[in-house]
Amino acid sequence: MMFKRRTRGIKLRGARVLITGAGSGIGRLMALDAARRGAAEVIIWDLSEESAEAVRAQVAARGCAASTHIVNVADRDAVYSAAVDCGPIDVLINCAGAVTGKYLMDTTDEAIIRTFQINTLALYWTTRAFLPAMVERDLGMIVNVASAAGIVGVAKQTDYSASKFAAFGFTESLRSELRARGSHAGTLVVAPYYIDTGMFEGVTTKLPHLLPILKEGDVARQIVDAVESGREQLVMPPFARLLPAVRLLPVPLFDKVMDAAGVNQTMDHFTGRGEEDA
């Protein structure tokens, strides 16, 4: 059976936009950009009440309605309860994330579970909460911020890479389901390289011209642009789009290419920012 591509962009002017992890990093910047583009309301979900309130005030200062909900997206019941309070939305951006940055045998069971709860399972809970109304209206978009580490596994990211591979696969499968039912509701999966938000403080790149540490403002703007244009996949920087092709190489050669690019040394000096949430 042939499925027609039916995704369409969502102009943010007049839209209700919900962003998880919106208290800091690219989540915060996307909230401000949505306000600048004329969103009817920006709904801020974050673990930190102080951070969420600060962003709410910044959004409101731009003349946009804003509300905050202190939600642990790893808690399914909390997500479902907060979703009822929020009501139907036009755009859901799953931006909350977690990373440990340790070798597998140095990572605790609890940290691994938390990574998957936030980076993977939370996508299921938020999507199941908000997608039905989008399908009913035949309009809306689910945006999942994955990672380039969801395309290629990286040393000291066994939990993070695996959770982002899952996020990538989840979004792709969801896109296929929506296409199968002819829905105009769409999906966007975002796969950026490292971003200078502080979440990956200390990471390095061997090829700064091809694989630069991305600027958070540029990433946030490109994601919002992709929402409005109806893109279904956004990989940053452009060079990272070649990764699927490189995977066609025999495994020993693939490993040599990754080592030559310094990919598996990027986390050698990782410190993070002492938080698990993006």
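The values are calculated or read from the model by the stated rules, or taken from the named source; none is laboratory data. All values reported here derive from a predicted model rather than from experimental measurement. Using ideal geometry, Cβ is built from the backbone for each residue, glycine included, and neighbour counts are taken over all protein chains shown.
The single residue among Pro208, Pro244 that is exposed (fewer than 14 other Cβ atoms within 10 Å of the Cβ) and closer than 22 Å to Thr187 by Cβ turns out to be Pro244.
Close contacts from region 39-65, counting a first residue that is closer than 24 Å to Ile118 by Cβ and a second that is of a type in the set (Val, Ile, Thr) and in a loop (DSSP other than H, G, I, E, B), with Cβ to Cβ under 8 Å and a gap of 6+ residues or different chains, come to Ile43/Ile89; Trp45/Val71; Trp45/Val73; Asp46/Val71; Leu47/Val71. Among the residues of region 62-81, those that are among the charged types (D, E, K, R) and either within 20 Å of the chain's Cα centre (by Cα) or crowded, with 20+ Cβ neighbours inside 10 Å (or both) comprise Asp75, Arg76. Tell me which helices (runs of 4 or more DSSP H) are completely within region 22-116 and hold 1 or more residues being touching a strand residue (DSSP E or B) at 6+ places or on another chain (Cβ under 6 Å) and on the phi < 0 side of the Ramachandran plot, or say none if there are none. In region 22-116, the matching helices (runs of 4 or more DSSP H) lie at 25-36, 49-61, 76-86. Do we have Thr115 as of a type in the set (Ser, Thr, Tyr), closer than 29 Å to Leu12 by Cβ and either modelled with pLDDT under 95 or buried (at least 18 other Cβ atoms within 10 Å of the Cβ) (or both) here? No.
Each residue in region 247-264 was checked for being touching a residue at least 60 places away in the same chain (Cβ under 8 Å) and not polar (S, T, N, Q), and 3 of them qualify.
In region 223-239, the qualifying residues are those that are part of a helix (DSSP H, G or I) and at pLDDT 95 or above, and the one that is surrounded by the most Cβ atoms within 10 Å (Cβ to Cβ) is Val227.
For region 198-222, name all the residues that are part of a loop (DSSP other than H, G, I, E, B) and either among the charged types (D, E, K, R) or in contact with a strand residue (DSSP E or B) (Cβ under 9 Å, 6 or more places away or on another chain) (or both).
Scanning region 198-222 gives Glu201, Lys206, Ile213, Lys215.
Of the residues making up region 130-159, those that are without any contact (Cβ under 8 Å) to a residue 24 or more places away in the chain and surrounded by fewer than 18 Cβ atoms within 10 Å (Cβ to Cβ) are Pro132, Glu136, Gly153.
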